[in-house]
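Encoded as structure tokens, the structure appears first; notes follow it.
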Amino acid sequence: MQSVSNPPSISVRDVSITYRTTFEKRPTLKSAVMRAGRGERLIREIEAVKNVSFDVHAGSVLGIVGSNGAGKSTIVRAIAGILPPSSGEIQVRGRVSTLLALGVGFDANLSGHENVILGGLAAGYSRAEIESKFEEISDWTELGDFLEMPMRAYSSGMYSRLAFAVAIHMEPDILLVDEALSAGDARFKKKATEKMMSLVREARTMVFVSHALATLQEMCTEAIWLDKGRLMERGTPAEVVKAYSKFVDTPPSAATLEDV
């Protein structure tokens with residue numbers, strides 16, 4: 001599916017991402033008295049990604065595995081243009097659609113229909129183009145009359161269905177998925193997987209972050225393993241899952257492959 005004559009859809013070159021965060025230090029009794037009980041706010045630098053490089057070619061599905069805090073979501077957000085690299089370079093060729101968190105960008109006080117329009121406008125479509133896609137999106141979600149109700153009345157599964165439908169039906173060249181299927185039931189996950197794979201067959205590109213290692217092995221054409229911001233291994237999904245499972249001392253099984 002890859003072509004050496006064409007540039008990759010995504011190029012990540014020696015990317016490092018460091019951000020600063022603050023946290024409250026609990027005061028001692030003496031300092032609390034002296035500073036009227038106020039805690040001390042300290043600044044900490046987090047090296048979330050450290051000199052990571054990889055390419056993703058058109059028609060490929062790259063799976064990313066790693067423990068919590070490994071830098072998976074950070075690198076995907078950088079590819080999406082949400083987080084700028086502290087150093088290195090990311091090149092993205094094509095229209096990007098993101099599923100990075102459940103219902104991000106939705107307004108719970110608006111109806112599902114209104115949020116579809118907002119999502120389409122954010123993706124660069126005209127209102128007329130979005131309305132022409134609405135029936136297809138509506139049919140896919142199977143939400144019926146709920147689409148005209150405020151989204152605050154939705155369950156997490158309904159949120160997930162609508163967020164996925166908006167992202168997938170905006171005809172992206174590149175789809176970034178970060179644990180977006182975790183809130184859905186088995187039927188939704190199967191339906192979503194089939195839709196994503198239909199995009200891949202059209203030579204679209206996908207980056208897929210998931211703790212569900214069995215799903216990752218089934219969907220992905222290649223995989224990388226991140227740990228504490230560093231790229232530990234890259235290869236076939238089976239090779240990477242085996243190395244990662246050995247590292248976390250969790251031999252692959254039906255249970256661990258579902259959610260590690």
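Selection of first residues in segment 92-115 that are among the aromatic types (Phe, Trp, Tyr) and of second residues that are at pLDDT 80 or above and surrounded by 16 or more Cβ atoms within 10 Å (Cβ to Cβ), restricted to Cβ pairs under 6 Å at least 6 apart or on distinct chains, gives the following pairs, ordered by first then second residue: Phe106/Asn115; Phe106/Met151.
Go through segment 185-214 and report how many residues are polar (S, T, N, Q) and surrounded by fewer than 19 Cβ atoms within 10 Å (Cβ to Cβ).
Start the filter on segment 185-214 by keeping residues that are polar (S, T, N, Q), which leaves 193, 198, 205, 210.
Those still in the list that are surrounded by fewer than 19 Cβ atoms within 10 Å (Cβ to Cβ) too: 193, 198.
Of the residues in segment 185-214, 2 are polar (S, T, N, Q) and surrounded by fewer than 19 Cβ atoms within 10 Å (Cβ to Cβ).
Here Glu148 passes the criteria (1) in contact (Cβ under 8 Å) with a residue 40 or more places away in the chain; (2) surrounded by fewer than 16 Cβ atoms within 10 Å (Cβ to Cβ); (3) in contact with a strand residue (DSSP E or B) (Cβ under 9 Å, 6 or more places away or on another chain); (4) not β-branched (Val, Ile, Thr) except the one numbered (1). Taken over segment 103-123, the criterion of being at pLDDT below 90 and crowded, with 18+ Cβ neighbours inside 10 Å is satisfied by Gly103, Phe106, Gly119, Gly120, Ala123. Output the residue which, of all residues in segment 168-184 that are surrounded by 20 or more Cβ atoms within 10 Å (Cβ to Cβ) and small (Gly, Ala, Ser), is modelled with the highest pLDDT. Selected residue: Ala180.
Here Gly94 meets each of (1) among the small types (Gly, Ala, Ser); (2) at pLDDT below 90; (3) over 13 Å from Val166 (Cβ atoms) with one exception, condition (2).
The values are calculated or read from the model by the stated rules, or taken from the named source; none is laboratory data. The structure presented is a predicted model; accordingly, all values stated were derived computationally and were not measured. In this analysis, Cβ positions are derived from the backbone assuming ideal geometry, glycine residues included, and neighbour counts consider all displayed protein chains.
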